[in-house]
Amino acid sequence: MAGVSQASAFFLPSGRRLDESPAQTVYLKAMSIPREQQQGLVGRLTDLCGGAYTPQQRRKYFISGPQWAGAYEGHALFHAPTREPVSFEEVIRHLGEIGIPYWTTHDSDVIATDVLLTDRQWEVVGAISRALEQNGVKCSMVTCETFHHPVFAGSAAAEAPEVREYAAKRLRNTVEIGHELGAQFAVYWPGTLGYMVQGAIEETQTLRWFADGLNAACERDIEVAQQKGRPTLKHCLEAKPFEPQAQIILPTSDAMMAFIGSGLLTHPEMVGLNPEYLHELMWGGAVRAVLARALLAGKLWHFDINDGYPLKHDVDLGVGLVNPLDWLNVLVLLRTHGYEGPFNLDYKPPRTTSNYGVWKVSFPTAVDRFITLWEIAGEVAEDSVLNEATAALKAGGGATGGDLQSIVEANKELLSLHELISHRIFQILIGQHKGRTFSV
Ligand code: GCO
Ligand code: MN
Ligand code: MN
């Protein structure tokens with residue numbers, strides 16, 4: 001029917017187009033889609049969405065895909081897995097095909113815990129290097145899992161010295177693996193560093209022990225970097241305000257910064273931050289302000305990108321699906337301050353997404369939303385309305401009297417620009433600055 005655009009038409013699984021009319025919609029709803037046609041439908045509708053970048057375009061950005069995100073099977077405390085296991089070879093191959101140039105991993109994502117710290121781990125590391133090489137993907141970051149295994153029930157900074165000794169070995173080993181894989185960053189999310197029940201943990205002692213582990217990692221890094229003629233890694237702390245413990249000893253990026261400056265670290269200059277967007281929303285923080293504080297301290301080195309809801313738990317949704325306007329503003333801040341670190345896609349494809357959907361829908365669309373928001377942030381930075389409004393606010397009304405009333409009066413009309421700026425950013429987000437209008 002004339003007037004029905006490609007984009008708004010309904011399609012039958014056969015590919016035949018149905019025009020939008022109530023009767024036909026009912027027909028479409030009533031018709032089941034056989035399993036063997038479902039991937040075709042999802043794939044076709046994904047392609048119909050348009051707006052996808054090419055793998056070459058995607059590779060221009062410092063974006064990394066975590067092994068644990070690609071291989072996440074949809075399990076949680078109340079949730080059985082909904083997806084099949086995926087090997088690192090498969091994850092790396094998909095990242096290469098999509099055009100995600102970097103891969104990140106926990107030590108135990110790819111090497112079984114009982115193989116870690118044995119000679120056999122180097123066979124796995126060799127296989128990883130080959131997979132990376134074959135697929136044109138690089139390892140940018142390694143992270144040490146110190147939360148999942150029962151040995152870390154009382155955290156990596158537990159009372160028993162043998163637990164802390166084991167944790168230090170794992171941390172040093174992760175640094176070695178990182179150098180072997182060519183990584184530039186190591187990330188530490190302390191996980192169980194906290195408590196469920198009160199009184200058993202002495203916080204100052206726990207923090208000293210936690211620092212011992214990080215010091216061991218930094219000291220080993222200095223040795224290995226020297227042996228290999230490589231720069232040392234950037235060691236990045238990641239905070240999360242709750243989960244998996246009820247109370248967390250280092251719950252926010254600001255707490256992490258205070259810890260870096262506490263005097264407990266032997267190499268505070270080697271340690272910075274890996275904030276995660278959602279983790280700061282979880283405590284009710286303004287993510288942009290969190291990042292601004294880290295930028296000022298020179299500690300914003302790595303950034304986990306995802307989305308979710310304030311004051312709720314760690315749903316790790318794909319970037320931009322919940323808070324696109326806030327995300328745009330975050331990226332404006334990072335662009336205008338020359339942030340050049342990685343954007344790590346630390347999200348969890350929802351358990352309603354299939355193994356096919358993870359690579360057809362979840363990863364490519366997350367990357368493309370990020371790139372789009374990053375490019376829109378560039379438009380915000382260059383927008384003439386915004387630049388003139390901002391400059392006017394900074395110039396002020398030029399009160400000369402010096403008395404309070406004349407200062408208030410001089411800026412009174414200018415301050416309406418705050419709301420106008422916010423409106424303009426919304427317009428840029430939805431493309432109205434380029435003439436997108438609706439006939440109403
Ligand atoms: C989470 C955390 C982790 C960490 C990872 C790297 O949400 O559970 O963000 O995904 O980023 O453990 O240290
Ligand atoms: Mn994270
Ligand atoms: Mn998270």
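The values are calculated or read from the model by the stated rules, or taken from the named source; none is laboratory data. Given the structure is predicted, the values throughout are model-derived calculations rather than measurements. Methodologically, a virtual Cβ is constructed for each residue, glycine included, from the backbone with ideal geometry; neighbour enumeration extends over all protein chains shown. Each accessible area value is taken on the protein alone, full model and side chains, heavy atoms only, with ligands, DNA and RNA left out. Shrake-Rupley method; radii C 1.70, N 1.55, O 1.52, S 1.80 Å.
Numbers below:
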{"item": "Meets criteria (in contact (Cβ under 8 Å) with a residue 24 or more places away in the chain, of a type in the set (S, T, N, Q) and either open to solvent by 10 Å² or more (accessible area, probe 1.4 Å) or not assigned by TED's automatic domain parsing to the domain that holds Leu171 (or both)) for Thr118", "result": "no"}
{"item": "Ile260 being in contact with a Pro (Cβ under 6 Å, 6 or more places away or on another chain), open to solvent by less than 60 Å² (accessible area, probe 1.4 Å), among the hydrophobic types (A, V, I, L, M, F, W, C) and more than 16 Å from ligand 3 (Cβ to nearest atom)", "result": "yes"}
{"item": "Boolean, Ala239 is more than 23 Å from His148 (Cβ to Cβ) and either within 16 Å of ligand 1 (Cβ to nearest atom) or assigned by TED's automatic domain parsing to the domain that holds Trp189 (or both)", "result": "no"}
{"item": "Residue among Leu334, Leu404 that is assigned by TED's automatic domain parsing to the domain that holds Ala292 and either within 18 Å of the chain's Cα centre (by Cα) or farther than 30 Å from Arg58 by Cβ (or both)", "result": "Leu334"}
{"item": "Residues of region 123-134 that turn out to be of a type outside the set (Gly, Ala, Ser) and surrounded by 14 or more Cβ atoms within 10 Å (Cβ to Cβ), as a count", "result": "4"}
{"item": "Test: residue in region 296-313 that is in a helix (DSSP H, G or I) and open to solvent by less than 50 Å² (accessible area, probe 1.4 Å)", "result": "no"}
{"item": "Residue in region 275-295 that is among the hydroxyl-bearing types (Ser, Thr, Tyr), within 16 Å of ligand 2 (Cβ to nearest atom) and not in a loop (DSSP other than H, G, I, E, B) present", "result": "yes"}
{"item": "Flag if Val271 is in contact with a helix residue (DSSP H, G or I) (Cβ under 7 Å, 6 or more places away or on another chain), within 16 Å of ligand 1 (Cβ to nearest atom) and more than 24 Å from Ile371 (Cα to Cα)", "result": "yes"}
{"item": "Region 314-331 - residue that is open to solvent by 20 Å² or more (accessible area, probe 1.4 Å) and more than 14 Å from ligand 2 (Cβ to nearest atom) and, of those, nearest to Thr104 (Cα to Cα)", "result": "Leu321"}
{"item": "Pairs with Cβ under 6 Å, 6+ apart, first in region 203-216 and part of a helix (DSSP H, G or I), second of a type in the set (Lys, Arg)", "result": "Trp209/Arg164; Ala216/Arg172"}
{"item": "Candidate set from region 407-440 (those that are of a type in the set (A, V, I, L, M, F, W, C) and more than 40 Å from the chain's Cα centre (by Cα)); member that is least open to solvent (accessible area, probe 1.4 Å)", "result": "Ala410"}
{"item": "Long-range neighbours under 8 Å by Cβ, at least six apart or interchain, first residue within 15 Å of Leu207 (Cα to Cα) within region 146-166, second modelled with pLDDT of 95 or more and of a type in the set (Asp, Glu)", "result": "Ala157/Asp212; Arg164/Asp212"}
{"item": "Qualifying residues in region 298-334 (those that are charged (D, E, K, R) and more than 25 Å from His235 (Cβ to Cβ)) - the one farthest from ligand 3 (Cβ to nearest atom)", "result": "Asp326"}
{"item": "Subset of region 335-360 that is touching a Ser or Thr at 6+ places or on another chain (Cβ under 7 Å), farther than 24 Å from Ala286 by Cβ and not in a helix (DSSP H, G or I) - its residue that is farthest from ligand 3 (Cβ to nearest atom)", "result": "Thr353"}
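This table checks each residue for (1) over 30 Å from Val125 (Cβ atoms); (2) among the charged types (D, E, K, R); (3) more than 16 Å from ligand 2 (Cβ to nearest atom).
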{"residue": "Val163", "(1), (2), (3)": "no, no, yes"}
{"residue": "Asn173", "(1), (2), (3)": "no, no, yes"}
{"residue": "Gly199", "(1), (2), (3)": "yes, no, yes"}
{"residue": "Thr206", "(1), (2), (3)": "yes, no, yes"}
{"residue": "Asp221", "(1), (2), (3)": "no, yes, yes"}
{"residue": "Pro231", "(1), (2), (3)": "no, no, yes"}
{"residue": "Lys240", "(1), (2), (3)": "no, yes, no"}
{"residue": "Pro244", "(1), (2), (3)": "no, no, no"}
{"residue": "Ile260", "(1), (2), (3)": "no, no, yes"}
